[in-house]
Structures are given as structure tokens and as C-alpha cells.
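The values are calculated or read from the model by the stated rules, or taken from the named source; none is laboratory data. In this text the structure is predicted, and so the values were computed from the model without any measurement. Ideal geometry is used to build each Cβ from the backbone, glycine not excepted, and the neighbour counts take in all protein chains shown.
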Amino acid sequence: MIFSLNEFLRSNKCFKLICGAGNYDISSVEKLVYLYSKAGCNLFDISADIDIINAAKSGLKKADIVENRFLCVSVGLSGDYHFNKYFINQNKCNKCGICSKVCLENAIENFSIDEKKCIGCGKCFEICKNNAFLKTPFFADIKQILPLLNNLNIDCIELHSSNSNNHDTFNIWKYISENYKGVLSFCIDRLNYGNNSLIKRTKKMLSIRKPYTTIIQTDGSPISGGINDYQSTLQAVALSDIILKEKLPAYVIASGGTNEKTFELAHQCNIDINGVAVGSYARYIVKDYLSGKMDFDTALNIASKLVNSIKMRNS
Ligand code: SF4
Ligand code: SF4
């Protein structure tokens, strides 16, 4: 049966693939969407860029599955870590090569960063002993891109606002809410907030939304995935529990450090999340397919195992 995203979330557990809010690599996005659509993924999170939206649509078309495949475009505010790009100051770099080994996106080659692939995770910055990395904000103007997202019938817009500026965040959220008819998603994490202030912030965001038209994406350990263990996903599950206990009229999708263990852990703890969004780990396990070193069928098996770790739980 074909649902709208809203209808789908009401009765299904959702697997969401995060292609990367900062991923502007057209070929990688098309391949990821094609592969994960074939694997059973429903929701695809992409960056706010027409070429990337077209690449995702092309991936969906190629997979040729029209039922319950939805696009979510990520937009961000200043200060959110998802919307940074890193560069190497060649005057400070001693060519040790350590940074390229920690980059899960294969964005560093020959001591230089491919801007299109860099998702701003900062792992390279943290490991460099020479302080050779420079960070710069990189995000689309929401007011400029919103008409395009409406025209293209994008199913969902996700707002990243990992900052301490409640006033600006609420105003832009209100603007999007008033000018967009689809599902809205709002990412929350505990970098700047304790539990109580986070709940207060979330309730305020939901106060202007119709019931069950919003996804709360609970980012446990922002941009720190890539590992398939319980510890990496623990914070995402714990934050989901905090939000779910409030019984808010919204869907809760766990993210940040998520992997094959996320749904299992939530299930064991009786935490009834609506889905899991997987980014770094989902991309990392098929990185050889993205670079052309792995055949499609092998990659499909790997991706299907991850998607099924969540979707097998559909009741
Ligand atoms: S870790 Fe720092 S010094 Fe080493 S290659 Fe990377 S940028 Fe250069
Ligand atoms: S490690 Fe992260 S921040 Fe550094 S280049 Fe790779 S994706 Fe960009």
C-alpha cells in the first residue's frame, strides 16, 4: 500500500538513511539512494541542493520501487556542527597522513579535502597534532530554498539547530512550519542542553505543529558513528527514552552513533521508537561499493542486513 510519509510513520518502523547533510557528492548520493532503496530503506536524508535532490530522485527511479520511498532535505542554522566544512592549511601540514585514516567519508586525499564529500564531523581536526585544519560554516539559506522544496514535493524538511540560540531557532522553525505543508523533523541533542531545557525546547517547537506531523530526531552522539556496538548507540536510545516519556504528539527517530544494535537495544529496554536514522555507519559499511571496489550484490547484502535490523521489527 502506498502511504504518505505521515501515514507511513503512524503504522511502521522507519529506516532512514542519512546521506549526509553536508554530502554534496552527486555520484555517492545517487548510489547510496539506489542501493538502500533496494535494501528496503524508506526515508532518505539529503542536503539542500538541487543537484543532490535530482541525484536522489535518480537513485530512486533506478531502484524502481515507488511504494513508500520518501525524501527528507536537511537544512541548518549557524553553529550546527552538520553545516561545517574543513580545509587543510598546507603551511601547517607535515604530511603525516593520519587524518585521511580517520575520515569515514574518504574525503581526504593527497593532504587535501574534497569539499563535496566532507560532512564536517571534525574527526580529522581532533587528531591533527599540527592544528592544520580550518573550519568554515557551509549551509543553504532556508528562505531561498524553501520554494524549491515545495515545488519538488519533498516529503520532509529537517531542521538542524545544535546551537544555544533558542530565539532564532524558533523563528526559523515557525517560518518553515507556516510555509511548508509536509512533515517537519527537528534534531535535538545534549551538546548545549540538559534534559529539562531540551524537553522545554522540544515542547515549544511542537506547540505550533499539528499532532503527528513532526519527527523528533534524537541525536545521541552527533556525527560519531561508524562502529557497530552498543556503546556507540547508547546515547541515542537514552535520549529517545527521555523524549518518549513525555508522550509528545510526534514521532521519535533515534540518530547519532546509530548502527545495527540501535533497534535491538531500544527493544530490550522497552523504548518504542518509531525508527532509526543511520548515517556514518550505513555509509561506511558500503564505502567500497561507493568507490567501485565492491560489486552491487555484495553491497546489497550488507545494506539489507542493516535495514532489516530495524524493519524486521515492524509489527
Ligand atoms: S593530520 Fe594534520 S599534519 Fe597530518 S596530514 Fe593531516 S593535516 Fe597534515
Ligand atoms: S574527517 Fe570529517 S571533517 Fe574531516 S574531512 Fe573527513 S568528513 Fe570532513
Of the residues in the stretch 202-239, how many are surrounded by 23 or more Cβ atoms within 10 Å (Cβ to Cβ) and among the small types (Gly, Ala, Ser)?
3
If Leu17 satisfies every condition in (1) crowded, with 23+ Cβ neighbours inside 10 Å; (2) among the aliphatic types (A, V, I, L, M); (3) over 15 Å from the mean Cα position of the chain (by Cα) but one, which is the exception?
(3)
Which of the residues belonging to the stretch 1-15 are in contact with an Asp or Glu (Cβ under 6 Å, 6 or more places away or on another chain) and not in a loop (DSSP other than H, G, I, E, B)?
Leu5
Candidates Lys261, Lys293, Lys245, filtered to the one that is in contact with a helix residue (DSSP H, G or I) (Cβ under 6 Å, 6 or more places away or on another chain) and in the same structural domain as Cys14 (by TED's automatic domain parsing)
Lys261
Taking the stretch 114-129 and keeping residues near ligand 1 (Cβ under 9 Å from one of its atoms) and either loosely packed, with under 14 Cβ neighbours inside 10 Å or of a type in the set (Val, Ile, Thr) (or both) leaves Ile127, Lys129
Given the stretch 186-301, what helices (runs of 4 or more DSSP H) lie entirely inside it while holding 1 or more residues that are under 28 Å from Asn166 (Cα atoms) and at pLDDT 95 or above?
195-206, 230-244
Taking Tyr175, is it more than 21 Å from the chain's Cα centre (by Cα), at pLDDT 90 or above and hydroxyl-bearing (Ser, Thr, Tyr)?
yes
Restricting attention to the stretch 14-41, which residues are within 27 Å of Ala250 (Cα to Cα) and free of Cβ contacts under 8 Å to residues at least 60 places away in the same chain?
Val33, Ser37
For Lys101, are the conditions met, namely being free of Cβ contacts under 8 Å to residues at least 24 places away in the same chain and within 7 Å of ligand 1 (Cβ to nearest atom)?
no
Looking at this structure, is Lys95 within 15 Å of ligand 1 (Cβ to nearest atom), of a type in the set (D, E, K, R) and modelled with pLDDT of 95 or more?
yes
Please determine whether any residue of the stretch 152-170 is of a type in the set (Phe, Trp, Tyr) and either crowded, with 19+ Cβ neighbours inside 10 Å or not assigned by TED's automatic domain parsing to the domain that holds Asn42 (or both).
no
Have a look at Ile65, Ile108, Ile52 and point out the one that is under 30 Å from Leu300 (Cα atoms) and within 9 Å of ligand 1 (Cβ to nearest atom).
Ile108
Please verify whether Lys123 is modelled with pLDDT under 95, charged (D, E, K, R) and within 25 Å of Ser162 (Cβ to Cβ), treating the condition exactly as stated.
yes
Assess whether Ser78 counts as being over 28 Å from Pro147 (Cα atoms), away from ligand 1 (no atom under 16 Å from the Cβ) and not β-branched (Val, Ile, Thr).
no
So which helices (runs of 4 or more DSSP H) are wholly in the stretch 72-179 and hold at least 3 residues that are in contact with a helix residue (DSSP H, G or I) (Cβ under 7 Å, 6 or more places away or on another chain) and within 16 Å of ligand 2 (Cβ to nearest atom)?
98-102, 123-127
